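Notes follow once the structure below has been shown.
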Amino acid sequence: MIDILFILILIAQIIFSFIVFYNFLSNITLKDDLSQKFNFEKLSILIPFRNEEKNVEEFLKSLLMQDLENTEIICLNDNSEDKTGELLQKFSADKKNIKVINGEPLPDGWIGKNWACHQLAENSIGDYLIFIDADVRLNKNAIKAAFLKMNDLNASMLSVFPSQIMKSLSEFLIVPSMNWLLLTFLPLKFVYKISNPAFVAANGQFIIIKRDAYFAIGGHKSVKNKPVEDMELARLLKKNGYKIVTLLGGHLIFARMYESFNEALNGFSKNFYPGFSTSYLKFSFLLGMIALTFLAPFILMFLSIKYFLIVGAILIQKILISKKSNQKIIPNLILTPIQLFIVIFIGIRSMILSHKGKLEWKGRKLIIGN
C-alpha cells in the first residue's frame with residue numbers, strides 16, 4: 001500500500017517539479033527594459049480607495065515618480081470611513097493631473113470594489129485603463145515597462161502579481177502561498193500562449209487593459225457580483241478571443257497586502273475558492289491532492305526514508321518559487337509544512353464561507369452567484 005502511495009506521490013511531484021522549473025526558466029518577470037520607444041497613448045490610471053488612509057500618501061508619491069505624459073490619474077474615495085477622502089483632497093490640491101471623485105453609494109447586486117472600478121472607468125478617457133490598488137508601490141518606470149511589454153506581445157490585458165512585502169510572522173505564514181499556488185499549478189506563460197480560458201491568472205492589484213476590449217466585454221458591470229473580479233475579467237477576455245498576459249512584479253512592482261494574520265486569513269478566504277470558479281467537489285479534490293502530495297510526505301518521511309526524496313523535491317520547488325517571486329528563501333523553507341497546512345485550512349474555510357454567503361471584505365458582504 002505504501003509503495004503504491006509513494007509511486008503516486010512521486011509521479012505527481014515529477015509533474016509539479018516540471019511546472020516549477022518551467023516557470024523558473026521562463027521570462028515571466030516584469031523588467032525595466034526601456035530600449036524600445038514609448039508611444040505616449042492616452043493612459044488613465046484608476047485607483048479605488050476604501051479606508052486606505054495609511055496608503056494614500058505613499059502610494060501617490062510612488063505613482064507620481066512615474067515619468068508619464070498624456071496621462072490622467074483618477075482616485076475614487078469609495079465611501080471611506082476613515083481619513084482617506086480628506087487625505088486625497090489634501091494631496092491632490094496642487095496637482096493638476098490628479099482628479100479625486102467621491103464614489104456613489106453601493107447599489108444592490110454589486111460588490112464594492114467592482115462598483116468602484118466601474119465608476120472609475122466611466123469617468124476615464126484613456127485608450128488604456130490601468131487599475132491599481134492603493135497598497136501597491138511602484139518603482140520608477142514600472143508603468144512604462146508594463147505598457148511596453150503589453151504592446152510588444154500585442155495583448156489586450158496585462159496583469160502583474162506584485163512582489164509581496166512581508167514583515168511579520170503571520171504574513172510569512174500565509175502570503176507566500178499565493179505565488180506558490182500560481183507557480184506550482186500553472187505554467188504562467190500558458191496564460192498568454194493558450195486561448196483556453198482554463199489557463200488564466202490575473203491580479204487586480206495591477207491591471208492594464210485596452211479600453212475597447214474592456215467595454216466590449218462589459219467591463220466591471222459584467223462581473224459586478226463576482227468576488228474575484230480580476231480572474232473573471234481575464235476569463236471573459238479569453239472567451240472573446242483577446243490575448244492576456246500575466247507577469248511577476250520583480251523589482252518594479254511591490255505590495256504589502258496584509259499586515260495581520262486575521263487580515264490575511266480573511267483576504268485569502270474571499271479569493272481562494274471563488275477564484276477557481278469550479279464546483280465544491282473539484283475544489284475539494286484539489287485540496288485533497290495538496291494534502292496528499294505536499295503535506296503528507298512531511299509526516300510519511302518519519303515512517304519511510306524514501307519520502308525524504310519527496311520532501312527534498314518540495315523544498316527545491318519552494319527555493320525556486322521564492323527566488324522567482326523575490327521572496328526570502330529561508331523563512332519559506334522553514335515554514336513550508338505550516339504554510340501547506342494553512343493553505344488547506346483556508347481552502348476549506350473559503351468553501352464554507354462561500355456556501356453560507358458569509359464572505360466579507362472591508363465591512364461589506366461579498367455576493368456569490370448571479
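Just to verify a number: FRET efficiency for LYS306 and ALA198, C-beta to C-beta distance, R0 = 35 Å, to 0.05? FRET efficiency, LYS306 to ALA198: 0.55.
A simple spin-label model places the labels of LYS282 and LYS356 2.6 nm from each other, with each point 7 Å out along Cα-to-Cβ. Ratio of Rg to Rh for the range 1-120: 1.23 [Cα atoms; Kirkwood radius as inverse mean 1/r over pairs]. Evaluated with a Cβ-only charge set (Lys, Arg +1; Asp, Glu -1), the range 1-141 carries a dipole of roughly 340 debye about its Cα centre, given to the nearest 20.
Based on Cα contacts under 8 Å between residues 6+ apart, the chain shows a relative contact order of 22 percent.
I'd like the distance between the alpha-carbon centres of the range 52-80 and the range 99-127, rounded to an integer number of Å. A separation of 15 Å, based on Cα centres. Relative to the longest principal axis of the Cα atoms of the chain, helix 112-122 runs at roughly 40 degrees.
Candidates LEU188, ASN203, ILE101 compared by Cα position along the dipole of the range 101-204: farthest toward the positive end lies LEU188, with charges placed on Cβ.
Considering only MET166, MET289, SER354, the residue lying farthest towards the positive end of the dipole of the chain is MET289, judged by Cα position with unit charges set on Cβ. Exposed loop sites were defined as GluC sites (Glu not before Pro) in DSSP loop states (anything but H, G, I, E or B) carrying at most 11 other C-beta atoms within 10 Å; in the chain the longest segment without such a site runs 82-370. Just the accessible area per residue of the chain, please: how many Å² with a 1.4 Å probe? Counting only protein heavy atoms, the per-residue value for the chain is 45 Å². Listed by chain and number, the lysines placed with their C-alpha closer than 19 angstrom to that of LYS144 are LYS31, LYS37, LYS42, LYS61, LYS210; residues fewer than eight positions away on the same chain are left out.
Size descriptors for the range 63-213 (Cα atoms only): Rg and Dmax, in that order, 17.1, 47 Å. With all projection directions averaged, the alpha carbon convex hull of the range 84-167 covers 8.1 nm². Global size of the range 270-328: 14.5, 39 Å for Rg and Dmax (C-alpha atoms, Rg to one decimal, Dmax whole). Its relative contact order, with pairs defined as Cα atoms under 8 Å and 6+ residues apart, puts the range 54-130 at 33 percent. Report D for the range 223-356 in µm² per second (integer): Stokes-Einstein, Kirkwood Rh on Cα pairs, 25 °C, 0.890 mPa s. Approximately 143 µm²/s, per Stokes-Einstein. Here the range 147-171 and the range 235-303 have alpha carbon centers that stand 16 Å from each other. Report the far tail of the P(r) of the range 128-196, meaning the percent of Cα-Cα pairs longer than 17 Å. So the pairs more than 17 Å apart make up 58 percent of the total in the range 128-196.
Convex hull volume per residue, computed on the Cα atoms of the range 168-250, equals 111 Å³. Against the chain, whose longest principal axis comes from its Cα atoms, helix 336-356 is set at around 60 degrees. Between helix 2-25 and the chain there is an angle of about 30 degrees, using the helix long axis and the longest principal axis of the Cα atoms. Taking 7 Å steps out from each Cα toward its Cβ at ILE165 and LYS95 produces label points 1.6 nm apart.
The largest-to-smallest principal axis extents of the Cα set in the range 293-368 are 47, 32, 15 Å.
The values are calculated or read from the model by the stated rules, or taken from the named source; none is laboratory data. Just so we're clear, the structure is a prediction, and the values are computed from it rather than from any experiment. Methodologically, a virtual Cβ is constructed for each residue, glycine included, from the backbone with ideal geometry; neighbour enumeration extends over all protein chains shown. We work out accessible area using only protein heavy atoms, side chains counted, and drop any ligands, DNA or RNA first. Shrake-Rupley method; radii C 1.70, N 1.55, O 1.52, S 1.80 Å.
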